[in-house]
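Below: one structure, written as structure tokens.
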Amino acid sequence: MRSRLFLAGLISLAVVSAALATVIVQRADKQANVVTGQALIGGPFTLTADDGRRVTERDFADRYKLVYFGYTYCPDICPLGLQTISQALDDLPPAEAANIVPLFITVDPGRDTPSVMRDYVRAFHPSLIGLTGSQQDIDAVTRAYRVYVHKGTPDKDGNYSVDHSGFTYLMSPSGEYLAHFGHDVSAEQMARSLQQLIPSS
């Protein structure tokens, strides 16, 4: 049963990746594992920040956004992705890093309350903002960003995993998609690409 679910997850992820490829006018930098162009990714959202405030995409309209989807119970992929984002921001000149807000949006709102998100994101970077909300809120934002999500079957203790796609999206201050980074991108590559993609002020 577990193997069938895993296979189904892989198939769904492949479908999502194929759909993503079809809506992007691609310019791929293979060394940095980043794809740029125009895509039907992103859009309006209403979520709850890790300090309890209700926020929308307009609250972040003054800066570029690095958007990553995951969950706090994620055993390895999410911590690695957030570490990469954090290190990339630290590798940038301070003035350039200040022009980017990193957002961590949960795919597991049932467990990731604002307080849980707050404690989790503070372990990675002081500028990282955790976003959660109702299941309806999360369903809407994952659809907007074309994020694959599949909740596993809980075990006898109620524990479960959540399969999800692992892209990091770079969005403009106005909310337009600019690029996405694959999961195996390094912090150095991400920082270098950010400097190339974001105009210096």
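Quick notes
- Qualifying positions in region 183-201 - in a loop (DSSP other than H, G, I, E, B), surrounded by 16 or more Cβ atoms within 10 Å (Cβ to Cβ) and within 17 Å of the chain's Cα centre (by Cα): Val185
- Close contacts from region 115-131, counting a first residue that is in contact (Cβ under 8 Å) with a residue 40 or more places away in the chain and among the charged types (D, E, K, R) and a second that is assigned to a strand (DSSP E or B) and surrounded by 13 or more Cβ atoms within 10 Å (Cβ to Cβ), with Cβ to Cβ under 8 Å and a gap of 6+ residues or different chains, come to Arg118/Gly130.
- Odd one out for Leu82 among (1) touching a strand residue (DSSP E or B) at 6+ places or on another chain (Cβ under 9 Å); (2) over 30 Å from Pro199 (Cβ atoms); (3) of a type in the set (A, V, I, L, M, F, W, C): (2)
- For region 146-182, the tally of residues that are part of a strand (DSSP E or B) and surrounded by fewer than 18 Cβ atoms within 10 Å (Cβ to Cβ) stands at 2.
- Lone qualifier among Thr48, Thr36, Thr106 - being farther than 16 Å from His183 by Cβ, polar (S, T, N, Q) and at pLDDT below 55: Thr36
- Taken over region 59-74, the criterion of being touching a residue at least 60 places away in the same chain (Cβ under 8 Å) and within 17 Å of Asp112 (Cβ to Cβ) is satisfied by Val67, Tyr68, Phe69, Gly70, Tyr71, Tyr73, Cys74.
- Annotation: of all residues in region 76-134 being among the β-branched types (Val, Ile, Thr) and in a helix (DSSP H, G or I), the one that is surrounded by the fewest Cβ atoms within 10 Å (Cβ to Cβ) is Ile77.
The values are calculated or read from the model by the stated rules, or taken from the named source; none is laboratory data. Given the structure is predicted, the values throughout are model-derived calculations rather than measurements. Using ideal geometry, Cβ is built from the backbone for each residue, glycine included, and neighbour counts are taken over all protein chains shown.
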